[in-house]
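See below for the structure under consideration.
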Amino acid sequence: MSLLTVKDLQVYFPVRGGFFNRKLDEIQAVRDVSFSINQGETFGLVGESGSGKSTTGRAILGLEPQTGGTISYQGHDVTKVAKRQHQDFRRDVQMIFQDSFSSLNPQKRIASIISEPLRNFENLSKNDLKLRVLQLLDIVGLSPDALYKYPHQFSGGQQQRIGIARAVATHPKLIIADEPVSALDLSVQAQVLNFMKKIQAEFGISYLFISHDLGVIRHMCDRIAIMTRGEIVEIGTRSDIYQHPIHIYTKQLLEAIPQTDVDHREQHREARLAMNQKYHQDKHQYYDQQGRAFPLVQVSETHWVSLPPNEALRHKILQREEH
Amino acid sequence: MKKTQAPLLVTKHLKTSFKINDHYYQALDDVNLTVNPDEFLAIVGESGCGKSTFANTIMGLLDEHDSKVSGSAVFEGQELTKLTETGYDEIRGLKLSMIFQDPLSALNPLKRIANQIDEVMAYHTDLSKTERYQRVLKLLAEVGIHDPKRTARQFPHQLSGGMRQRVMIAMAVACKPDLIIADEPTTALDVTIQAQILDLLRRVQQENHTSIILITHDLGVVAETADRVAVMYAGQIVESGSVQQIFKEPQHPYTRSLLRSIPQIDNATDDLYVIQGNVPSLQKMPAAGDRFAPRIPWIPASAHEDLPVMHDLGDGHQVRCTCYRQFYFKEDQRA
Amino acid sequence: MWKTILRRFLIMIPELIILSMLVFLLAKAMPGDPFLGSINPKSSPQQIHHLMQANGLYDPWYQQYWNWVVHLFHGDLGMSYEYKEPVVGLIQQRGLNTLWLALFTMIMTYMIALPLGVYAGKHEGKWQDNLVRVYTYVTMAIPFFVVLVLGIWIFGYLFNLFPTAGSISPTATGFGTVISRLTHIILPGLLGALFGTVNIVQYLRSEVIDAKHSAYVKTAKSKGIPMKDIYRHHIFRNSLLPIAAFSGYSITGLLAGSIFTEMVFSYPGMGLLFLNAVNYRDYTVITALVLLYGFLNLLGTLISDVVLAVIDPRIRVE
């Protein structure tokens, strides 16, 4: 059974204007997004700015109003915010933000920042609380004297680790990480990513890892969904996506990643330009008349792609032949 | 690239210090760099390494009240460190121009795109107003804007991030400068847009025979675009060479460590390499000794120079300090 | 854009209705009655009773309110109990006086504040900036009425440069009336302006400093534009934007807020009228003036919004 299942999630933002400030239109930030995250896995959500990936993450936590769809956690429907208390959803699902500094109260010491979720969800004595906070600091590799410091006294990487310590304080089962390393330097990024992997191995945490960085996603994620214009166009395992991409959007996105292979950079550039041209020629085939992606079609056991009807049929036949 | 041509920009022992609470701190130390005509040079390093300070020093954009520059930077025979503000105004925009990281804040929100591009030509050319407008349209078309007339009339907030950066590039190349400094020009952009902007920069460089100094933290971007690379750490250049030398035979421990910490296909499941410790802050920069030494404590102190200098490895490949000769990764040793 | 402006206008209607109701009820709740001054000890309770009845003061409040609104739409705000004149006429005549004073004050305010603010911002942290700062601090620290009284004493009494009371000399004729009006508003206008500059100077100073350190100014510098031209083409315009947007509040604020000046200078404007009306419980005048002040406030917001929409392309809807 999957840990979290999101089905047909919609988040629409009204566009107001005109004479009486009526709702004229809506921005469909997230349109019918469905996916599920299994226990202990890292599920990546990739897309460019405006693709709706962050909105999806925030909507799951109830930080954005949900227009439609269902969210279920451990088989229980938690779409209605009122039902979440019951399922320990608030304790079990935590978030790590891109900019930790602004998510840490600048007037509070680290001890009180990290212990806050513990005080909210667990009834611990003062001593036990302090012990837990010290444990958490140890897990994220900060020394005990961090307890009485303020957020601004730490570097960006350390702040991000404090954010992680706060997120794992309640032993969550799922952490939604929204661009957790985008603001960090390469060497610090490596540190934070390693930590995230370490605590995952230790506590069996699942991640919803939201990022625009395809290199980081490849390093971190077991399964990946590619999002564009509010819709998922391809879902698959790491090798499905990186070795056998099918949707044209995925393909051109992958081609755009800068490579450190200096010997083949001309070839890479040509391949990218060719891909780009193909993308502009063919992309309309991958969307219907309203500009929406076609429904996802299963092309292998783990791989789902949004394909036009004729292509979809072809893949179905191919699959049947394989079996 | 003709080797015989005189270099465009030569810096020698360039130093920049900032005043914080009546005390000067060195943000840039002993930078020796040569930029040749028609060359694409990348300066790469992490935040706080001094790469942006270098750009601002060359462009003369530092606040003279709280900064101090010493050493020399000669651009087309002119000593930049001794240039007056008026002297700078004559070459900035005309021979030397700059592209910034965030094109939204770098463009005046209250002026139309056409005016902002026109401005640079109004100060540096004798073109009439209509000629300049024609050139604005031509420039916009050259940087890949489909409807130049429409964009020319628009305000910055009406454009997408990629479009804005194209406008910035059009502005930078308007007077066909000899050197363009691009400070993290693609950091705020999506990966597909980034690729387009880098292609555009490369094209502009080749078509106009301009030199470009690309300042970035992204090694992938460097590998895709640069001819030559300078790696900076804690205010100093620690290694410089051709893009092949830097990526295929990196020598300095910092360069090697950085390259190792990039998430790659072949290290997908392993832990990423982490450089111990932190970058020293401006106030705590050691006065002597190798600045990278505290981050590779397993290398004996005797391997480092007291006052590290650049060593020539041939073919234009240079590396700071002698520690590279004895450097190894601790993890490799254990295995 | 016209749609936005029209909408803003329509929003004002319910605001005005609520405002007028509040004003009316507040006036009713004030102690005393309007005849306290016009009756003498010999007036019999019957006479007072008749007066009250004739003026509709026994009707329920909503009836009185309705009558008042109906009259309002006919341009009739009733008679002033104190002056025995139609309120509209009173306000017209006094309002004109205040308008001249306010306009003059505003022009002087901007003429002093804009150069000072820009100058201080340009020389941020240097002695020029400190000098301006001293000026603003001193102006801010001295109570306004002290400034006014001092001003009258120095310029009116010691040097005898300006008249210290009234709005026009009774002997002036022809073109002389204009001169006379002007001499009567110079002193209160200047002193009011001096006081009004403080906020604008400080605000403009910080706007200029912000603009000076902004990325687009760095871009302009990197284009080789001389600093003095950058000030002209980039910094001034961008930092004046919020000031210009504030002008709507400024003018209507001055119209409504000149009570102090008018009192000290015995300048027969709306402020003085209001003060007297409160003293004599001249309900009709009070309600009319408070309503007018409220309306001016709403109008000020509207003007500011419209100005901003016109000059800021980010808000302008195309």
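The values are calculated or read from the model by the stated rules, or taken from the named source; none is laboratory data. Keep in mind that this is a model prediction, so the values were computed, not measured. We place every Cβ from the backbone using ideal geometry, glycine too, and count neighbours over all the protein chains shown.
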**Item:** Failed criterion for B:Ala141 (all others in (1) of a type in the set (A, V, I, L, M, F, W, C); (2) over 17 Å from B:Leu107 (Cα atoms); (3) modelled with pLDDT of 95 or more hold)
**Value:** (3)
**Prompt:** Which one of B:Ile213, B:Ile246, B:Ile237, B:Ile262 is closer than 28 Å to B:Pro294 by Cα and more than 12 Å from every other protein chain (Cβ to nearest Cβ)?
**Reply:** B:Ile237
**Item:** Residue ranges of helices (runs of 4 or more DSSP H) in region A:12-104 with at least 1 members over 26 Å from A:Tyr249 (Cα atoms) and free of Cβ contacts under 8 Å to residues at least 60 places away in the same chain
**Value:** A:89-92, A:100-103
**Message:** Quick test of your reading of the structure: A:Cys221 fulfils all but one of (1) surrounded by 22 or more Cβ atoms within 10 Å (Cβ to Cβ); (2) away from chain B (no Cβ under 12 Å). Name the failing condition by number.
**Reply:** (2)
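The rows are residues; the columns are (1) out of contact with any strand residue (DSSP E or B) (no Cβ under 9 Å at 6 or more places or on another chain); (2) of a type outside the set (Ser, Thr, Tyr); (3) within 14 Å of chain B (Cβ to nearest Cβ).
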| position | (1), (2), (3) |
| --- | --- |
| A:Val30 | no, yes, no |
| A:Ser36 | no, no, no |
| A:Glu48 | no, yes, yes |
| A:Gly69 | no, yes, no |
| A:Gln74 | no, yes, no |
| A:Arg90 | yes, yes, no |
| A:Gln94 | no, yes, no |
| A:Asn105 | yes, yes, no |
**Prompt:** For region B:205-227, how many residues meet the condition of being outside any loop (DSSP other than H, G, I, E, B) and either buried (at least 22 other Cβ atoms within 10 Å of the Cβ) or not assigned by TED's automatic domain parsing to the domain that holds B:Val279 (or both)?
**Reply:** 12
**Asked** Residue check: is C:Thr183 in contact (Cβ under 8 Å) with a residue 40 or more places away in the chain, surrounded by 12 or more Cβ atoms within 10 Å (Cβ to Cβ) and in contact with a Phe, Trp or Tyr (Cβ under 8 Å, 6 or more places away or on another chain)?
**Response** no
**Complete:** Filtering region B:271-283 down to residues that are within 9 Å of chain A (Cβ to nearest Cβ) and not hydroxyl-bearing (Ser, Thr, Tyr) yields B:Asp271, B:Leu272, B:Val274, B:Ile275, B:Asn278, B:Val279
**Prompt:** When region B:167-203 is examined, which residues are found to be surrounded by 20 or more Cβ atoms within 10 Å (Cβ to Cβ), more than 9 Å from every other protein chain (Cβ to nearest Cβ) and part of a helix (DSSP H, G or I)?
**Reply:** B:Val167, B:Ile169, B:Ala170, B:Val173, B:Ile197, B:Leu200, B:Leu201
**Request:** Look through A:Ile164, A:Ile175, A:Ile217, A:Ile199 and report the one residue that is at pLDDT 90 or above and part of a helix (DSSP H, G or I).
**Result:** A:Ile217
**Complete:** Within region B:119-150, the residues that are more than 14 Å from chain C (Cβ to nearest Cβ), surrounded by 16 or more Cβ atoms within 10 Å (Cβ to Cβ) and not aliphatic (A, V, I, L, M) are B:Tyr133, B:Arg135, B:Glu142, B:Gly144, B:Pro148
**Message:** Checking the structure you have, find out if any residue of region B:284-306 is within 12 Å of chain A (Cβ to nearest Cβ) and β-branched (Val, Ile, Thr).
**Reply:** no
**Message:** Looking at the structure I just gave you, is C:Leu131 more than 20 Å from C:Ala244 (Cα to Cα), within 22 Å of the chain's Cα centre (by Cα) and in a helix (DSSP H, G or I)?
**Reply:** no
**Complete:** Quick count over region B:161-210, residues being farther than 23 Å from B:Lys51 by Cβ and out of contact with any helix residue (DSSP H, G or I) (no Cβ under 8 Å at 6 or more places or on another chain), is 4
**Test: A:Gly215 is touching a residue at least 24 places away in the same chain (Cβ under 8 Å), of a type in the set (Gly, Ala, Ser) and facing another protein chain (nearest Cβ under 7 Å)** = yes
**Asked** Do the conditions hold for C:Ser258, that is, is it of a type outside the set (D, E, K, R) and crowded, with 20+ Cβ neighbours inside 10 Å?
**Response** yes
**Message:** Suppose we filter region A:77-117 for residues that are loosely packed, with under 14 Cβ neighbours inside 10 Å and of a type in the set (Gly, Ala, Ser); how many remain?
**Reply:** 2
**Asked** Which residues, counting only those in region A:165-195, are within 12 Å of another protein chain (Cβ to nearest Cβ), aliphatic (A, V, I, L, M) and farther than 20 Å from A:Pro151 by Cα?
**Response** A:Leu186, A:Ala190, A:Leu193
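Criterion first (of a type outside the set (Ser, Thr, Tyr) and either closer than 30 Å to C:Ala309 by Cα or modelled with pLDDT under 90 (or both)) does B:Asp89 satisfy it?
For B:Asp89, the condition - of a type outside the set (Ser, Thr, Tyr) and either closer than 30 Å to C:Ala309 by Cα or modelled with pLDDT under 90 (or both) - is not met.
Take region B:296-333 and flag every residue that is outside any loop (DSSP other than H, G, I, E, B) and in contact (Cβ under 8 Å) with a residue 40 or more places away in the chain.
Within region B:296-333, the subset outside any loop (DSSP other than H, G, I, E, B) is B:301-303, B:310-312, B:318-320, B:323-325, B:330-333.
Residues satisfying the conditions are B:Met310, B:Gln318, B:Val319, B:Arg320, B:Cys323, B:Tyr324, B:Glu331.
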**Complete:** Going through region B:43-80 in order, the residues found to be in a helix (DSSP H, G or I) and more than 25 Å from C:Glu124 (Cβ to Cβ) are B:Lys51, B:Phe54, B:Ile58, B:Leu80
**Residue that is farthest from B:Val243 (Cα to Cα) [pool: residues in region A:249-260 that are surrounded by fewer than 21 Cβ atoms within 10 Å (Cβ to Cβ) and more than 7 Å from chain B (Cβ to nearest Cβ)]** = A:Lys251
**Which numbered condition B:Gly241 fails, given (1) buried (at least 17 other Cβ atoms within 10 Å of the Cβ); (2) within 30 Å of B:Ile20 (Cα to Cα)** = (2)
**Request:** Would you point out the residue of region B:87-114, among those that are in contact with a strand residue (DSSP E or B) (Cβ under 6 Å, 6 or more places away or on another chain) and more than 7 Å from chain C (Cβ to nearest Cβ), that is farthest from C:Val217 (Cα to Cα)?
**Result:** B:Leu96
**Prompt:** Just a yes or no: is a residue in region C:234-244 in a helix (DSSP H, G or I) and more than 30 Å from B:Leu62 (Cα to Cα)?
**Reply:** yes
**Request:** Using the structure shown, decide if B:Val69 is over 28 Å from B:Phe247 (Cβ atoms), within 11 Å of chain C (Cβ to nearest Cβ), free of Cβ contacts under 8 Å to residues at least 60 places away in the same chain and among the hydrophobic types (A, V, I, L, M, F, W, C).
**Result:** no
**Complete:** Checked C:Leu190, C:Leu194, C:Leu204 against criteria (crowded, with 24+ Cβ neighbours inside 10 Å and over 30 Å from B:Ile91 (Cβ atoms)); the one match is C:Leu204
**Message:** Consider region A:262-272. How many of its residues are surrounded by 14 or more Cβ atoms within 10 Å (Cβ to Cβ) and either farther than 23 Å from A:Arg218 by Cα or not basic (Lys, Arg) (or both)?
**Reply:** 2
**Complete:** For A:Gly204, the lone unmet condition from (1) on the phi < 0 side of the Ramachandran plot; (2) more than 9 Å from every other protein chain (Cβ to nearest Cβ); (3) surrounded by fewer than 22 Cβ atoms within 10 Å (Cβ to Cβ) is (1)
